[in-house]
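For reference, the structure I am asking about is given below.
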Amino acid sequence: MELPEFIQAFPALDLPFPEDQVRSHAIRSDAGLVVFLHFLTDFELPPHAHKGQWGTVIEGEVELTIDGETRLYRPGESYDIPAGAVHSARLKAGTKAIDVFEEADRYPLKS
């Protein structure tokens, strides 16, 4: 499923990952950051923590470990990562997800 053109027109984020691995489109408000992510390769995020995050899988699979508990999420399933929870992720190539971050400035927008 391709994202609508108006979402693809949202600015990309300046992520600490190569663009040939992850594509992003984001919209920000004072209250938070909404990010549409497309993982182009198998991808692994090491354990880390930050303020709250909620997400949902559009396509593919997201394996999340949150505070030591691992669960696989598939299209249509959502996850909630509480603020301060140590978590890591494994994502298959082709996975698309929407992530919403409590921190509006979690990642800078590309100019």
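The values are calculated or read from the model by the stated rules, or taken from the named source; none is laboratory data. Everything numeric here is computed off the predicted structure, so don't read it as measured data. Cβ placement follows ideal geometry from the backbone for every residue including glycine, while neighbour counts extend to all protein chains displayed. When the accessible area is computed, the model is the full protein with side chains, heavy atoms only, and any ligands, DNA or RNA have been set aside. Shrake-Rupley method; radii C 1.70, N 1.55, O 1.52, S 1.80 Å.
Identify all residues within the range 71-92 that are exposed (fewer than 12 other Cβ atoms within 10 Å of the Cβ) and more than 21 Å from G32 (Cβ to Cβ); write none if there are none.
R71, L72, R74, G76
Matching residues to (1) touching a residue at least 12 places away in the same chain (Cβ under 8 Å); (2) out of contact with any strand residue (DSSP E or B) (no Cβ under 9 Å at 6 or more places or on another chain); (3) open to solvent by less than 30 Å² (accessible area, probe 1.4 Å):
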| site | (1), (2), (3) |
| --- | --- |
| D20 | yes, yes, no |
| H50 | yes, no, yes |
| E61 | yes, no, no |
| I98 | yes, no, no |
